[in-house]
Amino acid sequence: MAAEHFTSDIHNARTRFLSNCEAAGLAVASFRPPLVEDNEAKFADIVRIGSPNADRLLIIAPGMRLADALCASGIEIGLLRESLREELPREVA
């Protein structure tokens, strides 16, 4: 069920995303930008799925607001769990 991919806690969302990437054997590049106004550490976790020679890219990028990040994380987790990797056409990464 789709609801299982979403959470209301940002730290839980990141942990779930990273663990799903690990389970899928995907390398994650994590970047920590400077602290923002609320002094809360934010991360940008980047994963590439698909052919390194792909002509086209499908990019899913959340915003920095909490609601945006939670929604995008749920979508990303759903795509990882539902085997997006196998369904991407060869020319798309």
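The values are calculated or read from the model by the stated rules, or taken from the named source; none is laboratory data. Model, not experiment: these values are computed from the prediction. Glycine gets a Cβ as well: all are built from the backbone with ideal geometry, and neighbour counts include every protein chain shown. What goes into the accessible areas is simple: the full protein's heavy atoms, side chains included, and nothing from ligands, DNA or RNA. Shrake-Rupley method; radii C 1.70, N 1.55, O 1.52, S 1.80 Å.
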(message) I'd like the accessible area for residue 9, computed on protein heavy atoms only with a 1.4 Å probe and all protein chains in place. Round to 10 Å², please.
(response) 70 Å²
(request) State in Å² the accessible area per residue of the chain; use a 1.4 Å probe, count heavy atoms of protein chains only, and round to the nearest integer. (result) 71 Å²
(request) Of the options 80, 31, 13, report the single residue whose Cα projects farthest towards the positive end of the charge dipole of the chain (beta-carbon charges: Lys, Arg +1; Asp, Glu -1). (result) 31
(message) Once ligands and nucleic acids are excluded and a 1.4 Å probe is used, how much of residue 76 is accessible, expressed in Å² to the nearest 10?
(response) 40 Å²
(message) As an exercise, identify the trypsin sites (Lys or Arg not before Pro) in the stretch 57-93 lying in DSSP coil whose Cβ has no more than 16 other Cβ atoms within 10 Å.
(response) 65, 90
(message) Heavy atoms only, 1.4 Å probe, whole protein assembly: order 7, 15 by accessible area, highest first.
(response) 15, 7
(request) Two decimals is fine: what's Rg over Rh for the chain, C-alpha atoms, Kirkwood radius as Rh? (result) 0.98
(message) Starting from a Cα-only point model with no solvent, please compute log10 I(q)/I(0) by Debye for the stretch 43-90 at q = 0.17, 0.19, 0.27, 0.33 1/Å.
(response) -0.56, -0.68, -1.10, -1.30
